[in-house]
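> First the structure, then my questions, so here it is.
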Amino acid sequence: LFVGPDFGFTDRDRDAVARATRYVDPAEIAHEMADATALGVREALAAALDTDRLAGRSIGIQGLGQVGGALARLLVAEGAFVCGHDVVAGRTEIAGVRAVGAGELLEARLDALAPCALGGAIDRDIVSRLSVRALAGAANQLLAAPEVEVARSLAGRGIVHVPDFLANAGALIHWASRVLEGGTAADARSAVLRIGRTAREVLDRARRTGATPLEVALEIALGR
C-alpha cells in the first residue's frame with residue numbers, strides 16, 4: 001500500500017511519512033493529483049451536460065481548495081462562467097471566480113454544481129432547493145445517507161448526477177498510470193480523460209433502464 005494525498009494532507013505530512021517508509025507517492029506525482037482529479041470532474045460535468053465544450057456554461061463550485069481551485073481555473077480557462085464558495089477567505093479570489101454565499105450557491109440557477117469540499121453535501125432537502133441541470137464533483141460520498149434515496153430524488157427532479165467515485169477518480173487513475181504502469185504524464189492524462197466516456201456510458205444506461213446513475217455505477221463496480 002502507498003500513502004498519498006487527500007483532504008488536509010500536506011507536503012509536510014508526506015515528508016514525515018517518507019521518513020518512516022518508502023511506500024509514499026513521489027513528491028512530483030503527489031503534486032499532480034489535484035489537477036488530475038479536477039480534469040476528471042471536468043469530464044464528468046461535460047458528460048452530465050451532454051456536451052464536449054463547457055465554454056459559456058455556468059458552473060458553481062462548492063469548496064475551492066486544491067481540487068476545487070484547480071477545477072475553477074480549468075473551467076475559467078475554457079470560457080465557462082464560474083462562481084464559488086469556500087469557508088476559507090480569499091480562495092475565490094485565488095481561483096479567479098465570482099464569490100457567492102453558501103446558500104446562494106445551492107439555490108443559484110446554474111447549468112451545473114460541482115461540490116468539491118466535504119462529503120454528504122447533498123441531502124434530500126438540498127435537492128429540493130437546487131436549480132441546476134447537472135451535479136458532479138470531487139467530494140467523496142457526495143450524497144448524504146441514504147444515498148440511493150437522494151439519488152432518486154435527483155432523478156425525480158431531472159438533475160443529471162455523476163456518482164462521486166466515477167467523477168473524482170482522476171487522481172487514482174493518474175497515480176496508477178504513473179506509479180504502477182510507469183507511464184508518462186501524457187499517458188496518465190489520456191487515462192483520466194476516459195472518465196468522460198465512462199460517465200456517458202453510465203448515464204446512457206441509466207436513461208435506458210430507468211435506474212439512477214448511482215445504481216448503474218454501483219452495479220458495474222460490484223460486477224467487476
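The values are calculated or read from the model by the stated rules, or taken from the named source; none is laboratory data. Here the structure is a predicted model, which means the values were calculated and not measured. Cβ placement follows ideal geometry from the backbone for every residue including glycine, while neighbour counts extend to all protein chains displayed. Ligands, DNA and RNA are stripped out before the accessible areas are found, and what is left, the full protein with its side chains, is counted by its heavy atoms. Shrake-Rupley method; radii C 1.70, N 1.55, O 1.52, S 1.80 Å.
> Can you name the residue in segment 16-31 that is among the β-branched types (V, I, T) and assigned to a helix (DSSP H, G or I) and is also nearest to L180 (Cα to Cα) among such residues?
The selected residue is I29.
> Also, I was wondering about something else. Scan A144, A139 and give me the residue that is more than 23 Å from A46 (Cβ to Cβ) and touching a strand residue (DSSP E or B) at 6+ places or on another chain (Cβ under 9 Å).
Just one listed residue meets the conditions, A144.
> What tally of residues in segment 133-181 results from selecting those that are open to solvent by less than 50 Å² (accessible area, probe 1.4 Å), over 21 Å from F7 (Cα atoms) and not in a loop (DSSP other than H, G, I, E, B)?
Final tally of qualifying residues: 8.
> Quick one: which of R22, R14 is modelled with pLDDT under 90 and out of contact with any helix residue (DSSP H, G or I) (no Cβ under 9 Å at 6 or more places or on another chain)?
Result: R22 is the single residue among R22, R14 that is modelled with pLDDT under 90 and out of contact with any helix residue (DSSP H, G or I) (no Cβ under 9 Å at 6 or more places or on another chain).
> Here is a check on your reading of the model: is V127 modelled with pLDDT of 95 or more, of a type in the set (A, V, I, L, M, F, W, C) and part of a strand (DSSP E or B)?
It is false that V127 is modelled with pLDDT of 95 or more, of a type in the set (A, V, I, L, M, F, W, C) and part of a strand (DSSP E or B).
> For segment 85-96, name all the residues that are open to solvent by 20 Å² or more (accessible area, probe 1.4 Å) and of a type in the set (A, V, I, L, M, F, W, C).
Matches in segment 85-96: V87, V88, A89, I94.
> Looking at this structure, is R124 touching a helix residue (DSSP H, G or I) at 6+ places or on another chain (Cβ under 6 Å) and basic (K, R)?
So R124 fits the description; yes.
> Give the residue that is modelled with the lowest pLDDT, with candidates limited to residues of segment 102-124 that are open to solvent by 30 Å² or more (accessible area, probe 1.4 Å) and in a loop (DSSP other than H, G, I, E, B).
L118
> Now, a different point. Of these, G170, G156, G182, which one is of a type outside the set (A, V, I, L, M) and under 21 Å from V132 (Cα atoms)?
G156
> Surrounded by fewer than 23 Cβ atoms within 10 Å (Cβ to Cβ), at pLDDT 95 or above, more than 13 Å from the chain's Cα centre (by Cα) and closer than 15 Å to A138 by Cβ: does that describe R57?
no
> Can you tell me which residue in segment 182-196 is surrounded by the fewest Cβ atoms within 10 Å (Cβ to Cβ), limited to those that are among the charged types (D, E, K, R) and within 20 Å of the chain's Cα centre (by Cα)?
R194
> Could you count how many residues in segment 60-78 are outside any helix (DSSP H, G or I) and open to solvent by 30 Å² or more (accessible area, probe 1.4 Å)?
Summing the residues that are outside any helix (DSSP H, G or I) and open to solvent by 30 Å² or more (accessible area, probe 1.4 Å) in segment 60-78 gives 1.
> I would also like to ask the following. Please verify whether segment 33-43 includes one or more residues that are modelled with pLDDT of 95 or more, among the hydroxyl-bearing types (S, T, Y) and either open to solvent by 50 Å² or more (accessible area, probe 1.4 Å) or assigned to a helix (DSSP H, G or I) (or both).
yes
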